[in-house]
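*Asks:* Encoded as structure tokens, here's the structure I'll be asking about.
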Protein chains: 2
Amino acid sequence: MTGALDPSLAEVIAARLRDVPDFPQPGVLFKDIAPLLADAAAFNACIDALAELPAAYEADLIAGVEARGFVVAAALARAVDAGVVPVRKAGKLPPPTVSASYQLEYGSAEIEVPVGLIEGKKVYLVDDVLATGGTLKATLGLLALAGAEVTGIAVLVELSFLNGRERLTGHDLTALLTI
Amino acid sequence: MTGALDPSLAEVIAARLRDVPDFPQPGVLFKDIAPLLADAAAFNACIDALAELPAAYEADLIAGVEARGFVVAAALARAVDAGVVPVRKAGKLPPPTVSASYQLEYGSAEIEVPVGLIEGKKVYLVDDVLATGGTLKATLGLLALAGAEVTGIAVLVELSFLNGRERLTGHDLTALLTI
């Protein structure tokens, strides 16, 4: 789907990413999207682009991964008139939930999605940054377990050197900026 | 400002809250807003109501408190054409930040806001639920420290028996549902 995107949008995003060396751990170059989120015109342009994707605008629900993914999910949900589903770190959602553990770029994590709200629904999954793809892959499994039909995945920024896309094969994956 | 809100909206919200006893700790009655967020029409109606408030639509930025506050902030930012500022748990935001510790309804916490993006900006602060008001009060202090002008505060649900409103006096505080 990325072929249909305006290439100048990638430049808009790239100009609003801030590189933070050694965060949250030594050796990790953190991509801070705060300047992008704080720029209404730029962030709206990102959401507009995602909202034009059939897999997004046909969805009943937009699922976002805690915590920055919530920002993308809620703005996109507003744009396509969908509901929002939170994908959360373990222990944050009240029962009933389904959960999964997985490996992160640095460390491991356990995530949960709520049960009962998403069964039989078309769900579009979003996050801010695609790194190794571990979180999104685990989320795809959880959404399927909870009975959702995942229509596609979108991220604002894909860190292609981490090969996260390879872990998400078989899914319609859109990245607004690939670096 | 609550006097200008449609009273039927409160009923819409109340019908989509789920009481979860003893979560996250024994003795706490958790108000689960997931059914509200997943209902596009109901959640949009909440955001529409907030977007009509002058303090919201005149803001440059909408600040949301991690993590559910991000959902409200991003949807409202989309509605009023503002940017989004994340208020995060300590250690999640890259430097430079300002931080503050405070007491929660259960336990204590430390939060941070980014420095540099919000100085001189009009910021509207939102969260999902107003409980004791500790988080929002701490956030107000941080936003001021970072040079922002806070135009007002909104929550979807106010738990009035916890008297959080008393800790936020002097601010324009809107709650879409007070219980």
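The values are calculated or read from the model by the stated rules, or taken from the named source; none is laboratory data. All values reported here derive from a predicted model rather than from experimental measurement. Counting neighbours? That spans all protein chains shown, and the Cβs are built from the backbone with ideal geometry, glycine included. To get the accessible areas, we keep the full protein, side chains included, count just its heavy atoms, and leave off ligands, DNA and RNA. Shrake-Rupley method; radii C 1.70, N 1.55, O 1.52, S 1.80 Å.
*Asks:* Which residue, of B:G116, B:G107, is modelled with pLDDT under 95 and either farther than 25 Å from A:D19 by Cβ or more than 10 Å from chain A (Cβ to nearest Cβ) (or both)?
*Replies:* B:G107
*Asks:* If A:A109 satisfies all but one of (1) within 24 Å of B:G69 (Cα to Cα); (2) free of Cβ contacts under 8 Å to residues at least 12 places away in the same chain; (3) open to solvent by 10 Å² or more (accessible area, probe 1.4 Å); (4) of a type in the set (A, V, I, L, M), what's the number of the condition it fails?
*Replies:* Failed condition: (2).
*Asks:* Quick check: anything in segment B:68-77 over 18 Å from B:A175 (Cα atoms) and open to solvent by less than 20 Å² (accessible area, probe 1.4 Å)? Spell out the reasoning first.
*Replies:* First, the residues of segment B:68-77 that are over 18 Å from B:A175 (Cα atoms): none.
Scanning segment B:68-77 turns up no residue that is over 18 Å from B:A175 (Cα atoms) and open to solvent by less than 20 Å² (accessible area, probe 1.4 Å).
*Asks:* Okay, moving on. Return the total of residues in segment A:87-104 being surrounded by 15 or more Cβ atoms within 10 Å (Cβ to Cβ) and modelled with pLDDT under 90.
*Replies:* Residues in segment A:87-104 being surrounded by 15 or more Cβ atoms within 10 Å (Cβ to Cβ) and modelled with pLDDT under 90: 1 in total.
*Asks:* Return the residue satisfying two criteria in turn: it lies in segment A:17-54 and is open to solvent by 40 Å² or more (accessible area, probe 1.4 Å) and at the interface with chain B (Cβ under 9 Å from one of its Cβ atoms), and of such residues it is nearest to A:A79 (Cα to Cα).
*Replies:* A:A41
*Asks:* Would you please name the residue that is surrounded by the most Cβ atoms within 10 Å (Cβ to Cβ), looking only at residues in segment B:112-135 that are within 16 Å of B:A74 (Cβ to Cβ) and of a type in the set (D, E)?
*Replies:* B:D127
*Asks:* Could I ask something else about it? Would you say B:A82 is within 7 Å of another protein chain (Cβ to nearest Cβ), touching a strand residue (DSSP E or B) at 6+ places or on another chain (Cβ under 7 Å), within 22 Å of A:L93 (Cβ to Cβ) and buried (at least 19 other Cβ atoms within 10 Å of the Cβ)?
*Replies:* No; evaluated as a whole, the condition is false for this residue.
*Asks:* Hey, another quick one. Across segment A:59-72, what is the total count of residues that are more than 18 Å from A:D32 (Cβ to Cβ) and at the interface with chain B (Cβ under 7 Å from one of its Cβ atoms)?
*Replies:* Qualifying residue count for the region: 1.
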